[in-house]
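> First, the structure itself, so that you have it in front of you.
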Amino acid sequence: MQNILTVIKATSLFAGLEDNEIKELYTSLRMYPQKFKAGAYIQHIEDTYQCLGLVLSGKVHMISEDIWGNRNLIAEFGQGQFYGESHSLTGTPMFFDIVAAEESELLFINILKCIVLARQAGAAPQKLLGNLFENMLHKKLSYMRKSDILSRRTIREKLSAYLSNEARSRSALIFTIPYNRQQLADYLAVDRSALSKELAKMQKEGILKFCHNKFELIPVQEGKQEE
């Protein structure tokens, strides 16, 4: 319990909550931890549930997979991040599969129970819901950015939009992305080999440099000067 408390205290979902409030919520919301091996399916498409999943350790992927096994990476969740709040609040069946990208431990939280307690003027549940809704707004913005990226027609346009967003969010032209080449291809919904060829072309043209998942973007003016 103490290890779990240490992790969740540092998350945005439990921001502003005291230790005694978190312990109270742990019991009243029937939270429970569960471990998953790499590659294990945590939730399947069409599943319905009342709990959101908070990542205590490891990393999980939200994926869309067709009957031929082709995957599209929708989102990635690392330590302190969570998923499933909209589906658990509305009772809507899950649109995607949730898979452990590596050995992971999750904490499941009955968020519907939290609403009931908040209506009874519970201070801790109200704080938790306030944090939840703020996080949901940030997620919506993130999904809007991805929608913009996927709306681009060519692989280069998708890559340029994605890498530009990463650079802006970090205020740096040199950065490391959280995906390997296959995961990036899944995220952009493109073929891996075609993605690798486009990256090689962009590097040859002098507009970026990369090594594995580390990138350096070179502004047009700087690239022209080097030529």
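Bear in mind these aren't lab numbers, they're just calculated from the coordinates by the rules spelled out. Because the structure is predicted, anything quoted here is derived from the model rather than measured. Neighbour counts run over all protein chains shown; Cβ positions are idealised from the backbone, glycine included.
> With each pseudo-label sitting 7 Å past Cα toward Cβ, what's the V220-K37 distance in nm, one decimal?
5.2 nm
> Can you check what the net charge comes to around Q183, using other residues whose Cβ is under 13 Å from the Cβ of Q183 (Lys, Arg +1; Asp, Glu -1)?
Working: positive: K59, R71, R181, R192; negative: E76, E102, D186.
Around Q183, the surrounding residues sum to +1.
> Shifting gears a bit: Determine by what factor the alpha-carbon radius of gyration of region 52-170 differs from 2.2 N^0.38 Å, reporting the quotient.
1.23
> After finding the eigenvalues of the alpha carbon gyration tensor for region 107-227, what semi-axes result from the square roots of 5 times each, listed largest first in whole Å?
Whole-Å semi-axes of the equivalent ellipsoid: 40, 16, 12.
> Please compute the Kirkwood hydrodynamic radius of region 61-126 from all pairs of different C-alpha atoms, in Å with one decimal.
Evaluated on region 61-126, it is 14.0 Å.
> Assuming 0.36 nm per residue, please report the length gained on full extension of the stretch K9 to R30 beyond their Cα-Cα distance.
On the way: separation 21, 0.36 × 21 = 7.56 nm, distance 1.72 nm.
Using 0.36 nm per residue and subtracting the Cα-Cα distance, I get 5.8 nm.
> A further question on this structure: What value, in deg cm²/dmol to 500, does the helix sum -39500 (n - 2.57) over DSSP H runs of n ≥ 4 give at 222 nm once divided by the residues of the chain?
So the calculated ellipticity at 222 nm is -14000 deg cm²/dmol.
> Oh, and also: Kirkwood Rh, region 166-223, all Cα pairs: how many Å? Don't skip to the end; give the middle numbers.
Numbers: mean 1/r = 0.0836 Å⁻¹.
When all Cα pairs of region 166-223 are included, the Kirkwood radius is 12.0 Å.
> Take the cross-link list K158/K197; K37/K209; K9/K35; K139/K201 and give me the ones stretching past 25 Å between alpha-carbons.
Where the Cα-Cα span goes over 25 Å, the pairs concerned are K37/K209; K139/K201.
> If you take the Cα atoms of region 1-109, find Rg, then find the Kirkwood Rh from the mean of 1/r over all pairs, what is Rg/Rh?
Using only Cα positions, Rg/Rh for region 1-109 is 0.99.
> Over the alpha-carbon set of region 46-95, work out the extent along each principal axis and list the three values in angstrom, largest first.
31, 26, 11
> Let me ask you something else. How high is the FRET efficiency from T90 to F210, r the C-beta distance, R0 35 Å, rounded to 0.05?
It comes out at approximately 0.30.
> To continue, here is another question. Normalising by the residue count of the chain, find the relative contact order in percent from Cα pairs under 8 Å and 6+ residues apart.
19 percent
> In nanometres, what is the gap between the two model label sites at I67 and A123, each 7 Å from Cα along Cα-to-Cβ?
5.6 nm
> Once the Cβ-Cβ distance between H44 and M136 is put in as r, and R0 is 30 Å, what FRET efficiency do you end up with, to the nearest 0.05?
Efficiency, from the Cβ-Cβ distance: 0.85.
> Working from Cα positions, state the angle (0 to 90°, nearest 10) between the long axis of helix 155-170 and the longest principal axis of the chain.
Here the helix axis deviates by roughly 60 degrees.
> Working from the pairwise distances between different alpha carbons, so that the mean of 1/r is found and then inverted, what is the chain's Kirkwood radius in Å?
Over the chain, the inverse of the mean reciprocal pair distance is 19.4 Å.
> Taking the Cα atoms of region 89-136, what is the range of coordinates along each of the three principal axes, in descending order and whole Å?
Here the Cα extents, ordered largest to smallest, are 39, 23, 18 Å.
> Under the 0.36 nm per residue contour assumption, what length would be gained going from the current alpha-carbon distance of A194 and L112 to full extension?
On the way: separation 82, 0.36 × 82 = 29.52 nm, distance 4.42 nm.
Result: 25.1 nm gained on full extension.
> Something else about it: Highest GNM mean-square fluctuation, the chain, Cα pairs closer than 10 Å: which of I177, I22, I74?
I177
> Let me ask another. Residues in region 196-215 near a label at R181, defined as backbone nitrogen under 13 Å from the 7 Å Cα→Cβ point?
196-201, 210-214
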